[in-house]
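Visitor: Sharing a structure with you now.
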Amino acid sequence: MPRSPLSTLTGRPVLIIFAKEPRPGQVKTRLCPPLSPQAAARLYGQFLEDVLEEMAGLPQLPVAVAYAPEAARPFFQNLVAPDAPLVAQAGEDLGERLRQAFAWGFAQGAASVLIRNSDSPDLPGSLVLEAKEFLAGGRAQVVLGPCPDGGYYLVGLKTPQPRLFQDINWSSSSVLADTLAQAGRLGLKVHLLPSWLDIDTIADLQALVRSPRNPTNPGWRSYDLAKTLLAEL
């Protein structure tokens with residue numbers, strides 16, 4: 001009998017990708033204007049494809065997707081591998097959605113849980129593997145991947161830590177600092193990954209296309225599409 005996708009998570013680390021269905025007007029709204037809602041949705045759809053492709057190639061790291069909105073499950077069933085677990089995001093803010101996703105991962109018996117964004121299409125898998133290894137080796141209880149805007153592109157936990165996501169000023173430039181302060185209050189050992197860009201604004205998109213690029217880099221299709229869309233403005 002084939003194993004359930006969820007049974008493959010028991011005793012193993014799991015990576016959960018936070019993702020949205022690329023609906024015009026619902027994703028990458030800070031790029032509009034100058035991009036149209038349709039162009040922004042097309043761009044984000046390419047982000048998703050590039051992120052999923054890079055993460056699927058990581059050894060010994062099952063990938064799940066936490067999707068939004070709840071009605072988007074059929075879209076993601078057609079996008080991800082047949083054995084990739086899917087779970088709807090739940091919660092009023094990012095903190096609650098993270099708590100719920102971590103709770104889901106650990107409830108499946110995962111040895112550690114990592115959550116990454118879908119706004120960094122060129123993030124190399126090596127950074128995710130670094131996070132996995134720090135947790136697996138007991139060198140950290142929390143791993144965070146900082147973004148230049150003060151947030152983070154990845155958070156990983158060795159054990160459930162629901163209080164880590166309390167007292168955070170979400171959607172602000174202090175998210176990372178607030179999280180580090182909360183980890184300090186909880187006595188948790190933190191490892192910081194190298195900083196990486198997440199694409200929220202036109203300035204971010206311009207920074208992406210200015211970065212050195214070749215077809216062997218992750219996210220090269222997102223890079224090419226971004227370059228085309230910016231040239232059309």
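The values are calculated or read from the model by the stated rules, or taken from the named source; none is laboratory data. Nothing here was measured: the structure is a model prediction, and the numbers come from that model. A quick note on method: Cβ atoms are made from the backbone with ideal geometry, for glycine too, and the neighbour counts reach across all protein chains shown. Just so you know, the surface numbers come from the protein's heavy atoms only, side chains and all, with ligands and any DNA or RNA stripped out. Shrake-Rupley method; radii C 1.70, N 1.55, O 1.52, S 1.80 Å.
Visitor: Students often forget the sequence filter, so: which lysines lie under 21 Å Cα-Cα from K132 once same-chain residues fewer than 8 apart are removed?
Guide: Candidates past the 8-residue exclusion: K158, K189.
Visitor: Students often forget the sequence filter, so: which lysines lie under 26 Å Cα-Cα from K28 once same-chain residues fewer than 8 apart are removed?
Guide: The reachable lysines, counting only those whose Cα sits under 26 Å from K28, are K20, K227.
Visitor: How much accessible surface does D224 have with a 1.4 Å probe, in Å² rounded to 10?
Guide: So the heavy atoms of D224 present about 70 Å² to solvent.
Visitor: Under the rule of -39500 (n - 2.57) per DSSP H run of 4 or more residues, summed and divided by the residues of the chain, what mean residue ellipticity at 222 nm is obtained, to the nearest 500 deg cm²/dmol? Display every interim value, and only then the final one.
Guide: On the way: 7 runs with 86 residues, N = 233.
After summing the helix terms and dividing by residue count, I get -11500 deg cm²/dmol.
Visitor: Using Cα springs under 10 Å in a Gaussian network model of the chain, which residue among V65, V175, V14 shows the largest mean-square fluctuation?
Guide: Its mean-square fluctuation being the largest, the pick is V175.
Visitor: With a cut-off of at most 16 other beta carbons within 10 Å, and DSSP calling the residue loop, which trypsin sites (Lys or Arg not before Pro) in the range 141-233 qualify? Please list them. Present the calculation step by step, with values, prior to reporting the outcome.
Guide: Numbers: sites: K158, R163, R185, K189, R210, R213, R221, K227; in loops: K158, K189, R213.
Those satisfying the criteria are K189, R213.
Visitor: Please check: in the Gaussian network model of the chain (C-alpha springs, under 10 Å), which one of P34, P13, P215 has the largest mean-square fluctuation.
Guide: Fluctuation is largest for P215.
Visitor: Pull up the DSSP beta bridges for the chain and report the antiparallel fraction as a percent, rounded to 5.
Guide: Values: 9 of 26 bridges.
Here the antiparallel bridges make up roughly 35 percent for the chain.
Visitor: At 0.36 nm per residue, and after removing the present C-alpha to C-alpha distance, how many nm does the segment from K189 to N78 gain when stretched out fully?
Guide: On the way: separation 111, 0.36 × 111 = 39.96 nm, distance 3.88 nm.
Going from the current span to full extension adds 36.1 nm.
Visitor: Separate question: What chymotrypsin sites (Phe, Trp or Tyr not before Pro) does the range 88-190 have in DSSP loop regions with at most 16 other beta carbons within 10 Å?
Guide: Numbers: sites: F102, W104, F106, F134, Y152, Y153, F165, W170; in loops: W170.
Passing both the DSSP loop test and the Cβ count: W170.
Visitor: Compute a Gaussian network model of the chain, connecting alpha carbons closer than 10 Å, and tell me which residue from L188, L98, L114 fluctuates the most.
Guide: L188
Visitor: For the range 161-233, calculate the relative contact order in percent as a whole number, restricting contacts to Cα pairs under 8 Å that are 6 or more residues apart.
Guide: On the way: 31 pairs, mean separation 12.5, N = 73.
This gives 17 percent for the range 161-233.
Visitor: Points 7 angstrom from Cα along the Cβ direction at R30 and S172: gap in nanometres?
Guide: With each label placed 7 Å out from Cα toward Cβ, I get 1.5 nm.
Visitor: What is the set of long-range amide H partners of A64 at a cut-off below 5 Å, with H atoms built 1.01 Å from backbone N?
Guide: Amide H neighbours of A64, under 5 Å, 5+ apart: L15, I16, I17.
Visitor: Could you work out how far helix 37-56 tilts from the main Cα principal axis of the chain, as a 0 to 90 degree angle to the nearest 10?
Guide: 40
Visitor: Take I202 and E53, extend 7 Å from each Cα along the Cα→Cβ direction, and tell me the distance between the two endpoints in nm.
Guide: 2.8
Visitor: Then there's this: Within 10 Å, at most 15 other Cβ atoms, and a DSSP state outside H, G, I, E, B define an exposed site. Report the longest part of the chain free of exposed GluC sites (Glu not before Pro). Display every interim value, and only then the final one.
Guide: Working: sites that count: E92, E232.
Here the longest run is 93-231.
Visitor: Work out, step by step, the length gained on full extension between L94 and A136: first 0.36 nm times the residue separation, then minus their alpha carbon distance; give nm to one decimal. Don't skip to the end; give the middle numbers.
Guide: Working: separation 42, 0.36 × 42 = 15.12 nm, distance 2.54 nm.
Taking L94 through A136 to full extension adds about 12.6 nm, to one decimal.
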